[in-house]
1. Rounded, prolate or oblate for the protein assembly as shown? Axes are the square roots of the Cα gyration tensor eigenvalues, ordered a ≥ b ≥ c, and the cut-off for rounded is a/c under 1.5.
2. Report relative contact order for chain B in percent, whole number only (criteria: Cα-Cα under 8 Å, sequence separation at least 6).
3. Could you tell me how far the Cα centroid of the stretch A:73-125 sits from the Cα centroid of the stretch B:54-84, in Å?
4. State in Å² the accessible area per residue of the stretch B:1-116; use a 1.4 Å probe, count heavy atoms of protein chains only, and round to the nearest integer.
5. With Cβ to Cβ distances under 13 Å as the rule, what net charge do the other residues near residue B:26 carry (K, R +1; D, E -1)?
6. So which residues in the stretch B:122-164 end up with at least 10 square angstrom less accessible surface once the other protein chains are there, compared with the chain by itself, probe 1.4 angstrom?
7. Mind checking B:77-86 for the average number of partner chain beta-carbons within 10 Å of each residue's beta-carbon?
8. Over the Cα atoms of the stretch B:90-161, Rg to Rh with Kirkwood Rh, two decimal places?
Amino acid sequence: MTKQEALYQYLLQLGDNALIQSHRLSEWCSKGPILEEDLALTNIALDYIGRAQNLLHYAGEVEGKGQSADQLAYRRPEHQYYNNLIAEMPKGDFAFTIAKQLLISTYELLLYTELCHSKDETLAGIAGKAIKEVRYHWTHSRDWCYRLGKGTVLSNELLQQAVNDLWMYTGEQFEMGAEEELMLKEVIGCDNKALQNKWLEMVETVLSDSNIKIPTATYNQSGGRKGIHTENMGHILSEMQYLQRAYPEAIW
Amino acid sequence: MVKESYLREEILALLSEIKDPEIPVVTIEEMGMLRDVILSDKGCEILLTPTYTACPAMGIIEQDILSTLKEAGIDNAKVTMVFAPAWTTDWMSETTKEKLIRFGIAAPVHSSCSNWLSPKNVEVKCPKCESTDTKLISQFGSTACKALYSCNHCHEPFDYFKCH
Ligand SMILES: [Zn+2]
């Protein structure tokens with residue numbers, strides 16, 4: 001694998017995580033529990049789509065075959081998407097989305113802080129922009145964990161159940177593939193493994209402050225970053241890619 | 001009148017007139033989005049930095065730039081997005097902040113780099129009655145750049161331009 005191939009792959013992973021997250025959050029549009037949350041979740045979805053656009057645009061440049069961000073986002077088959085499985089989990093109820101956001105945005109907070117120091121100037125620039133937005137996403141999910149965890153018996157139960165159900169998909173975020181090892185060596189990417197302890201500490205703090213127990217199960221399911229997805233992915237793509245596949249090159 | 005050639009400063013001056021489509025009381029120059037103009041034999045390259053990664057206004061601004069230049073007779077222009085250094089609300093001058101307040105938007109009060117973990121400690125002044133007795137309704141408001149506040153004194157809701 002050349003440095004260029006590894007960077008392309010690395011950008012696709014980052015971009016796909018943002019794209020799929022954005023899609024799931026956008027499913028809340030007009031379905032939020034209160035108006036302010038409808039706006040919050042769709043605003044966060046917008047931040048993610050912007051990040052996906054920048055990363056995939058840059059991935060297309062690095063690949064050098066003239067693929068645009070839209071072509072990468074809407075024309076690839078399922079096994080060529082490299083997002084973590086946790087991103088494609090269904091939006092579930094509000095507690096499930098909040099738990100998902102906490103587990104993902106805590107990772108992103110650590111990841112994008114590191115990527116701000118990437119030797120690749122474009123990636124560092126995108127990260128510098130993204131980190132400011134991730135901070136807002138993180139505080140949003142943290143504050144909702146407090147409210148749900150310390151709210152009613154039911155809201156606590158729903159949040160606890162969501163954390164339990166999502167836990168086995170969190171480990172994948174810290175895996176290192178061959179392209180990531182190479183990116184780390186080139187001081188372009190980040191050492192995911194090194195983020196895990198800090199991640200656990202931050203997540204534990206928020207959850208225990210919300211009266212939520214940390215799951216003890218240690219089994220981890222992964223595969224997304226190798227292109228092996230859960231059954232959710234096909235459903236996402238059938239909706240997300242429908243228009244571009246039915247009407248190729250359609251624009252506003 | 002269409003001139004034959006322009007200096008970098010003249011093009012910057014032309015573009016400095018373009019308003020932010022979402023906050024039409026400030027220009028893209030005042031917002032700090034317009035970074036530079038590079039003239040070469042290939043044409044004219046405008047360096048623009050996005051305020052937010054997905055700011056929907058960026059597409060409109062790009063079109064406004066190209067049409068402004070076209071009117072002045074500059075056809076071979078292109079807009080390039082630059083991400084570094086990342087745009088920050090710290091680049092807004094006091095005058096720009098005053099304009100935001102007069103428009104009804106509370107201006108960002110501190111740098112995004114400090115204090116982000118506890119934004120509740122931030123004292124946001126109501127743009128209508130200037131009371132500091134205000135409360136955060138939602139960190140996410142009508143556009144990517146704003147949070148929603150309400151004033152405990154005059155009871156008006158208002159937008160707050162978030163620190164970034
Ligand atoms: Zn007031």
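The values are calculated or read from the model by the stated rules, or taken from the named source; none is laboratory data. Everything numeric in this text was worked out from a predicted model, so none of it was measured. Glycine gets a Cβ as well: all are built from the backbone with ideal geometry, and neighbour counts include every protein chain shown. These area figures cover heavy atoms from the full protein model, side chains too; ligands, DNA and RNA do not enter into them. Shrake-Rupley method; radii C 1.70, N 1.55, O 1.52, S 1.80 Å.
1. Details: a/c = 1.90, a/b = 1.20, b/c = 1.59.
Taking the square roots of the gyration eigenvalues as a ≥ b ≥ c, the protein assembly as shown is oblate.
2. Details: 271 pairs, mean separation 28.7, N = 164.
For chain B, the relative contact order is 17 percent.
3. So the two Cα centres are separated by 30 Å.
4. Accessible area per residue, the stretch B:1-116: 51 Å².
5. Result for the neighbourhood of residue B:26: -3.
6. The answer is B:137, B:138, B:139, B:140, B:141, B:144, B:148, B:162, B:163, B:164.
7. Values: counts 0, 0, 0, 0, 3, 3, 12, 10, 3, 10.
Across the residues of B:77-86, the mean count of other-chain Cβ atoms within 10 Å is 4.
8. We get a ratio of 0.93 for the stretch B:90-161.
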